[in-house]
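Each remark here refers to the structure printed beneath this line.
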Amino acid sequence: MRELLLGNLATKGMALLLALVTWAYLYTQGIGTEEIVVEFRPQELDPLLFASVTYRDSAKNEILPGSPMRVRLGGAKGDVRSHALRPQMTFKCEPSVDPKTLAENHGSLALGLERKHFSLPGGDAITVTPVLPSPVITLQYSRYVEKTIDLGVSKFHYDGELAPGFRVDSITASPPRIRARVPADRADEISRFDIKRVYVGGQAKDLLIERWELDPLARVQKVLPVQDFRVEVKIVPNPKSKRINGLRVGLNALPEVQARVKLETTTVDIEIQGPEDLVEEASKLVAAFSPYIVVSERDLEPPGPKNISEIGCWIQDPRFRGKLDVVVMPNEKPENRQVKITVAPK
């Protein structure tokens, strides 16, 4: 009996061992699948030649370099399992594109992800399938092209406070147009770009700055100048001003219009502004300034009282033209500077 019992135990032990060996073989050598995460790390295209490079899946979602990508591995269970147990992002998806195949200045290229694009050991024995809407991704690209753009600048392109009593008269870029590299897909849109603001803190004299720059936004929008330019800031003393009161208003209109118009406001005040010596001289020559209103045929109907806002002032003396500014009725806001008239019926 004892021999029979021992014999059965030996047989059972051999069966158990055989089962374990079979299980181990099937677990390690059988066919299986696992999902793992790899790092999307495409080969970089030369940033000096390409303004933008974007990868998207078939659902138009952008795939950023360095982002995780889920893939399904297939092959021997042991090999597949060993890859799945590795830390996430251990392996990479590294598609590459020959720039010579991107013949156009901008466009797209369909790129099918294959086994060779994945840095996984095991060769072709391990299959790799991206867990995407499609194993095909699209490369969208835009090269740099060169074109001439205008430099945007105004007299207010500065930061900081000038010395007391001074103002910025003008800011000028030279040359006013430069060559720049811009993304090909936006080349038609980009024809002008602002310059970087100039700091004028405490200045009381002109500034000349060599090799100035475009606004920092240019780098964000991939606008790269390839030609130097300089900026000249003209700084002048604040203009002096003087009031001249009670100048008689003239009427600028056709004879048939004048015949129906009566001026209810007969005099206006003006303020002259400019260099101190010219302001002093001109303020003593009242006849040098002739304020006027403009009345046209469209103002005649309907007849009755009206307010006319087209007010100007002739500078009669040529010595002051282009050198002095004139503000008519300076006490009033621009929208309230009006002269009253009455239009008679026909």
### Query
Could you give the angle, 0 to 90 degrees to the nearest 10, between helix 2-29's Cα long axis and the longest principal axis of the Cα atoms of the chain?
30 degrees
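Compute the whole-percent fraction of alpha carbon pairs in the stretch 92-170 spaced more than 14 Å apart. Before the final figure, lay out each step's value.
Working: 2342 of 3081 pairs.
Looking at the stretch 92-170, the distances longer than 14 Å represent 76 percent of pairs.
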### Query
For the pair Arg115 and Asp206, how long in nm is the line joining their label points, each one 7 Å along Cα→Cβ?
7.4 nm
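With +1 on each Lys and Arg Cβ and -1 on each Asp and Glu Cβ, and nothing else charged, work out how big the dipole of the chain is about its Cα centre, in Debye to the nearest 20. Before the final figure, lay out each step's value.
Numbers: 47 positive and 45 negative charges, 89 e Å.
My answer is approximately 420 debye.
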## Note on the structure
FRET efficiency for Asn105 and Val37 from the Cβ-Cβ distance with R0 = 35 Å, rounded to 0.05, comes out at 0.45
### Task
Would you mind ranking Asp57, Asp317, Asp124 by Cβ crowding within 10 Å, fewest neighbours first?
Asp124, Asp317, Asp57
### Query
If you take the C-alpha gyration tensor of the stretch 153-237, multiply each eigenvalue by 5 and take the square root, what semi-axes do you get, largest first, in whole Å?
28, 12, 10
### Task
Grab the beta carbon distance between Glu264 and Glu213, set R0 = 41 Å, and tell me the FRET efficiency rounded to 0.05.
0.15
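Which three numbers, in whole Å and largest first, are the semi-axes of the equivalent ellipsoid of the stretch 29-132 derived from its Cα gyration tensor as √(5λ)? Working shown, then result.
On the way: eigenvalues 175, 33, 28 Å².
Listed largest to smallest, the semi-axes of the stretch 29-132 are 30, 13, 12 Å.
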### Rg and Dmax [Cα atoms of the chain; Å; Rg one decimal, Dmax integer]
41.0, 147
### Cα→Cβ-extended label distance, 7 Å offset, between Val236 and Glu281, nm
1.5 nm
### Summary
Counting sequence-distant residues (5 or more places) and residues on other chains, those with an amide H built under 5 Å from that of Glu213 are Lys196
## Note on the structure
Calc'd 3J(HN,Hα), the stretch 68-73, phi into Karplus 6.51 cos²θ - 1.76 cosθ + 1.60 (θ = phi - 60°), Hz, glycine/Pro = x, comes to x, 9, 7, 9, 10, 9
### Message
Can you give me the long-range amide H partners of Ser134? Hydrogens built in the peptide plane at 1.01 Å from N, cutoff under 5 Å, separation of 5 or more residues or another chain.
### Response
Ser58
### Message
I need the semi-axes of the equivalent ellipsoid of the stretch 240-343: take the C-alpha gyration tensor, multiply each eigenvalue by 5, square-root it, list largest first in whole angstrom.
### Response
28, 14, 10
### Summary
Percent relative contact order for the stretch 29-132, counting Cα pairs under 8 Å at least six residues apart, stands at 37 percent
### Query
Picking from Thr266, Val71, Pro225, whose Cα lies most toward the positive end of the charge dipole for the chain (charges on Cβ: Lys, Arg +1; Asp, Glu -1)?
Val71
### Query
Quick one: Karplus J couplings for the stretch 219-233, per residue in order, coefficients 6.51, -1.76, 1.60, θ = phi - 60°, nearest Hz, x for Gly and Pro?
5, 5, 8, 6, 10, 10, x, 10, 9, 6, 8, 10, 10, 10, 10
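FYI, it's all coordinate maths here, none of it is from the lab. These numbers were taken from a predicted model, which means no experiment stands behind them. Virtual Cβ from ideal backbone geometry, glycine too; neighbours counted across all protein chains shown.
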